[in-house]
Amino acid sequence: MTDDACNPAFFHARQRRALLLMAALSPLAGAAAPVGAAARAGFKVYVGGYAPHCEGLYGFVADPATGHLRPAGLTPNPHSPSWLQADPRQPGLLYTANEGGGSVHVYRQQADGTLQLLQSLPSGGQGPVHLSLHPSAGFVFVPHYGSADLAVLRRAADGRLSAVGLHPSCNRSQAEDCRPGPDRAAKAPPGSYAISGHEAPHMHMALSSPDGRWVLASDLGRDRLAVWPFNTETGALGPRQDLALSPGAGPRHFVFHPRDAAQLYLLNEEASTLAWLQLEPQSGRLSQRLEISALPEGFAGSNFASDLIASADGRFLYALNRLHDSIAVFALAADGTPRLLTHEWTRGSYPRSARFSPCGRWFYVCNQRSDHVAVFAVDAATGLPRFAGQYVPVPSPACAEVMVAA
């Protein structure tokens, strides 16, 4: 691995390639930190969370040699910015889904690392909980937990957004289509009371397929993963098709395999399971190949799985468990089959999400109820995280995002 791997320009190019799923991605995740001037290039981490304790976006300067974070200011946002997304195609742009305010903010990173608010606009529904960017066309997808709607927004050249359409998770004129799943997950651990969100449809995440032809969204309340064909010229969605997950599973976050766009992995919140799925690229049809637990063998009781992250080289998956408070590490075989390796304590309570550093060496976990971000180092060969010795105080953290200088 060369010194260029931690260079900011290299990182921007790598992000753009990842967004387009180029098959020639270098195996960067989990790599040891290179030496030299490029390796010393810093990066910044921004963390949002839940009001009233969280007051906005907390900025930090990272030390690439240790992964440790140093406070670098607060950008006020009282509306619970619970999801952050940097724009790989336009370095320096940051988007937030403000769950408490029903809005989306667009920020531009300044030379000193501070954030300038460029735009605030309604998200289109109630409770925006995620935000993602189309890999090639100028569109943004915002799912809403409260109203179970998917908002499609158009992204202008300067990053500003405008509404295109709002799409319900199900056909509200058909009661059967919108019927929630059972309260108890069929594949939950014995004695589980992980009951949440099965009284109504609740959209939790939306993401384009790597080729840009399809948009997928998880509906936790209906135990469904929806797929729509996507028009990259107009932003319109075509007829929806669904994949039914195991009853009561509560599908939450999902990722595509970094090396194979036909494979994806879905984390079920209430069943605490990982589902291995296949996407047929021509028809958009989804099928499930495997479902395995994200918890240790013999675990009993309640747990709410939350976030799912893939290493850039496609060798490992990292799933977060709330209440068990662990990082579940999965190895991916050459054919994509997941295998649970081990668990690492998150050093806090209720891990909601996590992010890798630009080179994949450092891993930042938002422990929501502990009011801190815990810093981990990831071994290049084994993919295993270990605590790097720093707790970073952040009130009620929900999501972190990593950015290098624009």
Revision key, fill the gap. Whole-Hz Karplus couplings 3J(HN,Hα) for the stretch 301-316, θ = phi - 60° and coefficients 6.51, -1.76, 1.60, Gly and Pro as x, run x, 9, 7, 10, 6, 10, 9, 9, 10, 9, 5, 5, 8, x, 9, 9
Exercise for review: Sort the stretch 169-345 into rounded, prolate or oblate with this rule: let a ≥ b ≥ c be the square roots of the eigenvalues of the Cα gyration tensor; rounded if a/c is under 1.5, and if a/c is not under 1.5, prolate when a/b is larger than b/c, oblate otherwise.
Suggested key: oblate
Revision key, fill the gap. Among Gly125, Gly221, Gly191, the residue with the largest mean-square fluctuation in a Gaussian network model of the chain built from Cα contacts under 10 Å is Gly191
Exercise for review: Enumerate the amide H contacts of Ala72 below 5 Å, restricted to partners 5 or more residues apart or on another chain; note that Pro and chain-start residues carry no placed amide H.
Suggested key: Gly59, Phe60, Val61
Review point. Arranged by the count of other C-beta atoms within 10 angstrom, fewest first, what order do Tyr391, Tyr193 take?
Key: Tyr193, Tyr391
Review point. Would you list Val142, Val255 from fewest to most Cβ contacts within 10 Å?
Key: Val255, Val142
Review point. Which of these, Leu295, Leu266, Leu323, has the largest mean-square fluctuation under a Gaussian network model of the chain (Cα springs below 10 Å)?
Key: Leu323
Review point. Whole-Hz Karplus ³J(HN,Hα) for the stretch 375-383, in order, using 6.51 cos²θ - 1.76 cosθ + 1.60 and θ = phi - 60°, x for Gly and Pro?
Key: 9, 10, 9, 10, 5, 5, 7, 9, x
Point to revise | Which label in (1) 1.09; (2) 0.97; (3) 0.93 gives the computed Rg/Rh (Cα atoms, Kirkwood Rh) | key: (3)
Exercise for review: Take each of the peptides 270-283, 58-71, average the number of other beta-carbon atoms within 10 Å over its residues, and list them starting from the highest.
Suggested key: 270-283, 58-71
Point to revise | Extension gain, Arg285 back to Thr234 (0.36 nm per residue minus Cα-Cα distance, nm) | key: 16.1 nm
Check your understanding: Given H placed 1.01 Å from N in the peptide plane, which residues other than close sequence neighbours of Leu121 have an amide H under 5 Å from its amide H?
Key -> Val104
Practice item. Compute the FRET efficiency between Thr66 and Glu176 as 1/(1 + (r/R0)^6), taking r as their Cβ-Cβ distance and R0 = 41 Å, and round to the nearest 0.05. Key: 0.15
Point to revise | Helix-only mean residue ellipticity at 222 nm for the chain, each DSSP H run of n ≥ 4 adding -39500 (n - 2.57), per residue, nearest 500 | key: -1000 deg cm²/dmol
Practice item. Determine ³J(HN,Hα), in whole Hz, for all residues of the stretch 262-270 in sequence, where each value follows from phi through the Karplus function 6.51 cos²θ - 1.76 cosθ + 1.60 and θ = phi - 60°; x replaces Gly and Pro. Key: 8, 10, 9, 10, 10, 9, 9, 5, 8
Review point. Which value, in debye to the nearest 20, describes the size of the charge dipole of the stretch 266-391 about its Cα centre when Lys and Arg Cβ atoms bear +1, Asp and Glu Cβ atoms bear -1, and nothing else is charged?
Key: 240
Check your understanding: Going toward the positive end of the dipole of the chain, with +1 on Lys and Arg Cβ and -1 on Asp and Glu Cβ, which of Tyr145, Tyr58, Ala97 do you reach last?
Key -> Tyr58
**Study point:** Quotient of Cα Rg and 2.2 N^0.38 Å for the stretch 346-406, N being how many residues it contains
**Key:** 1.09
Exercise for review: Please report, in debye to the nearest 20, how large the charge dipole of the chain is about its Cα centre when each Lys and Arg carries +1 at its beta carbon and each Asp and Glu carries -1 there.
Suggested key: 420
Revision key, fill the gap. Highest GNM mean-square fluctuation among Glu291, Glu199, Glu176, for the chain with Cα springs under 10 Å, belongs to Glu176
**Study point:** Extreme residue, positive dipole direction of the chain, given options Val129, Thr273, Val47 (C-beta unit charges)
**Key:** Val47
Revision key, fill the gap. Expected sort for Leu220, Leu308 with the fewest Cβ neighbours (10 Å cutoff) up front is Leu308, Leu220
Check your understanding: So, counting K/R as plus one and D/E as minus one, what does the shell of residues with Cβ under 12 Å around Pro182 add up to?
Key -> 0
Review point. How far, in nm, would the chain grow between Ser349 and Thr382 when pulled straight, counting 0.36 nm per residue and subtracting the alpha carbon separation?
Key: 9.4 nm
Point to revise | For Ser302, residues with placed amide H under 5 Å, excluding near neighbours | key: Tyr193
Check your understanding: Farthest toward the dipole's positive end in the stretch 169-345, which of Ile195, Asn171, Gly221, given Cβ charges of +1 (Lys, Arg) and -1 (Asp, Glu) about the Cα centre?
Key -> Asn171
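We did not get these values from a lab; they are worked out from the coordinates using the rules stated. Since we're looking at a predicted model, the values are computed, not measured. We place every Cβ from the backbone using ideal geometry, glycine too, and count neighbours over all the protein chains shown.
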